[in-house]
Amino acid sequence: MTAKLIDGIAIGKELRAEIKNGVSELEESSCVPGLAVILVGEDPASQTYVKNKQKSSVEVGMKSELIRLPATVTEQELLDHVQQLNNDDSIHGILVQLPLPKHINEDLVIQAINPNKDVDGFHPQNVGKMMIGQETFLPCTPHGIMEMLKRTGVEIAGKHAVIIGRSNIVGKPMGQLLLQKDATVTYCHSRTKDLPSFTKQADILIVAIGRAKFVTDEHIKEGAVVIDVGMNRDENGKLCGDVDFEKAEKVASAITPVPGGVGPMTITMLLKNTLQSAESACGKAKNNLQ
Ligand code: GUN
């Protein structure tokens, strides 16, 4: 069997066209969705992510604001910037790129963001709402994966979804979203004993561990859907995921590539959340976020 490719670039493009239409509709009533990104320090990966987020937001017609701060910025200065953006009516989404330098308390910064502008879905209030199934901003990577599964026609109810990784950004919310769609969910992590005994049971396998090509055909059940959240460099410096694609595609029924899988969807969902926030703020809400 050779797996069907789940194309995040194509699905992302389709969604961004829908978002662009939504932005145009809002602009007819003089409301331009605004996304502000705060980047602290010079981390190369963060710089690339932020550049892509900005470029994509401009492409769909949004206003994009980048605030670059040195790695030496104090926690208070950063909090002041967040506060300023909270008070700025032209900004509907605020994203503080993580990780932050060690002298800054990330939790404190996330909690300082107005929950109604928290387009990352990281604020504890929004995490809580997600947990109990209330409408809120969903974290972009798991949200993007759900959208990808939906648009690929992957059935979720009654399926066994196994997640490797338990981060607050991906693993934990991923399990919640799949549970809400009636999957049976198993979480695996670095302390899990006999990992393949769990992953081999997965109808849907989500891999978010940050280790290049760690998951092989030996972890995957014949016919499983495999979603690779990893973004690593292999021994030749080439981008690769957490899944060994060549081995996995022989047993999976469908699989996301890296690059071109989850990554483009993450950015797309950030735009979707920003549009949703602007719709709420400008009184055109299709759902009640406020
Ligand atoms: N760093 C890595 N992924 C993310 C993300 O989704 N949002 C933010 N703010 N920082 C990140």
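Values quoted throughout were computed directly from the atomic coordinates according to the rules given, and no laboratory measurement underlies them. Note that the structure is a prediction, hence the values are computed from the model and not measured. Neighbour counts run over all protein chains shown; Cβ positions are idealised from the backbone, glycine included.
Do you know the Lys pair count in the range 65-220 for C-alpha distances under 24 Å, with sequence separation 8 or more or different chains?
Here the count comes out as 21.
In nanometres, what is the gap between the two model label sites at E235 and E59, each 7 Å from Cα along Cα-to-Cβ?
About 3.4 nm separates the two model spin labels.
Which length gain, in nm to one decimal place, applies between R211 and M1 when the Cα-Cα distance is subtracted from 0.36 nm times their residue separation? Mind showing how you got there, number by number?
Numbers: separation 210, 0.36 × 210 = 75.60 nm, distance 2.55 nm.
Gain on extension, R211 to M1, equals 73.1 nm.
Which of C140, C282 comes first, and how do the rest follow, when ranked by fewest Cβ neighbours within 10 Å?
Details: C140 27, C282 17.
Going from sparsest to densest Cβ surroundings: C282, C140.
What distance in nm separates the two pseudo spin-label positions at Q76 and E155, each 7 Å out from Cα along the beta-carbon direction?
Reported label-point gap for Q76 and E155 is 6.0 nm.
Can you put M231, M130, M148 in order of Cβ neighbours within 10 angstrom, beginning with the fewest? Mind showing how you got there, number by number?
Values: M231 19, M130 22, M148 26.
By the 10 Å Cβ count, ascending: M231, M130, M148.
Describe numerically, in nm with one decimal, the distance between label points set 7 Å from Cα along Cα→Cβ at I67 and at Q125.
In this crude spin-label approximation the distance works out to 1.8 nm.
What FRET efficiency, computed as 1/(1 + (r/R0)^6) with R0 = 30 Å and r the Cβ-Cβ distance, is obtained for E218 and L179, rounded to the nearest 0.05? Please report the intermediate quantities before stating the final value.
Numbers: r = 27 Å, r/R0 = 0.90.
Step by step, r from the Cβ atoms, then E = 0.65.
Could you work out the helix-only [θ] at 222 nm for the chain, with each DSSP H run of four or more residues adding -39,500 (n - 2.57) and the total divided by the number of residues, to the nearest 500 deg cm²/dmol? List each step's numbers first, then the result.
Details: 10 runs with 116 residues, N = 290.
When only DSSP H runs of four or more count, the value is -12500 deg cm²/dmol.
What full-extension length gain, to one decimal in nm, is calculated for S167 and E42 as 0.36 nm per residue of separation minus the Cα-Cα distance? Mind dumping the intermediate values first?
Details: separation 125, 0.36 × 125 = 45.00 nm, distance 2.33 nm.
In short, 42.7 nm is gained.
List M131, M269 from most exposed to least, where exposure is judged by having the fewest other Cβ atoms within 10 Å.
Ranked by crowding around the Cβ, least crowded first: M131, M269.
As an exercise, use a Förster radius of 25 Å and the Cβ-Cβ distance of I132 and N21 to find the FRET efficiency, rounded to the nearest 0.05. Show your work: numbers first, answer last.
Working: r = 31 Å, r/R0 = 1.25.
Efficiency, from the Cβ-Cβ distance: 0.20.
Can you compute the FRET efficiency between Q83 and K284 using 1/(1 + (r/R0)^6), with r the Cβ-Cβ distance and R0 = 25 Å? Round to the nearest 0.05. Before the final figure, lay out each step's value.
Numbers: r = 26 Å, r/R0 = 1.05.
Efficiency, from the Cβ-Cβ distance: 0.40.
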